[in-house]
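What follows is one structure encoded as C-alpha cells, with my remarks underneath.
Quick note: the coordinates plus some simple rules give every number you see, no bench work behind them. Keep in mind that what you see is a predicted model, and the values were worked out from it rather than measured. Cβ coordinates were reconstructed from backbone atoms using ideal geometry, including for glycine residues, and neighbour counts include every protein chain displayed.
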Amino acid sequence: MIRHIALVTWKAQATAEQRAATIKRMRSLPEHIETIRCYSVEENVGPDAANFDLAIVGEFDDTASYEAYRDHPEHQALFRESTQPILEARAGIQITR
C-alpha cells in the first residue's frame, strides 16, 4: 500500500471561491480515477500561521497505481487549470503503509 500526502499553501490573493472550487474538484477525483483506494482533502483548522492550508491524503495499492493517479488526465487538468494558478507552495511524499 502506498500513501500519498500532499500539503498545499494558497497564494494570498486566492479567493474563497477559487479555493472552494479547487477543493470540490479535488474531492471528485475518486469518481474519475479507479486506482484511488482512499482519498481525503481537508483544510487546515489549526491556529498556527506557518501551517499549510490544505492536506491531501490518498491511498493506492502500489507504486504503479499511484503513478496512474499522478499522471491521469483528470488529475493533470485539475492541477493545471485550478490548483496551479492559486498555488503558493506544495510539499509531497509517498510512504508505504
For the chain, what does the relative contact order come out to in percent, with C-alpha contacts under 8 Å and a separation of six or more? 50
Top positive-direction residue, dipole computed over region 2-96 with Cβ charges, set His72, Phe52, Ile86: Ile86
Please identify, among Ala50, Ala14, Ala68, the residue showing maximal mean-square fluctuation in a Gaussian network model of the chain using a 10 angstrom Cα cutoff. Ala50
Label point at Ala21 placed 7 Å out along Cα→Cβ; residues across region 62-80 whose backbone nitrogen lies under 15 Å: 78-80
Compute the long axis of helix 16-27 from its Cα atoms, compare it with the longest principal axis of the Cα atoms of the chain, and write down the angle in degrees, 0 to 90, nearest 10. 10
Dimensionless Rg/Rh of region 1-53, both radii on Cα and Rh by Kirkwood, sits at 1.00
Modelled label-to-label distance, Thr96 and His32, 7 Å Cα→beta-carbon offset: nm? 3.2
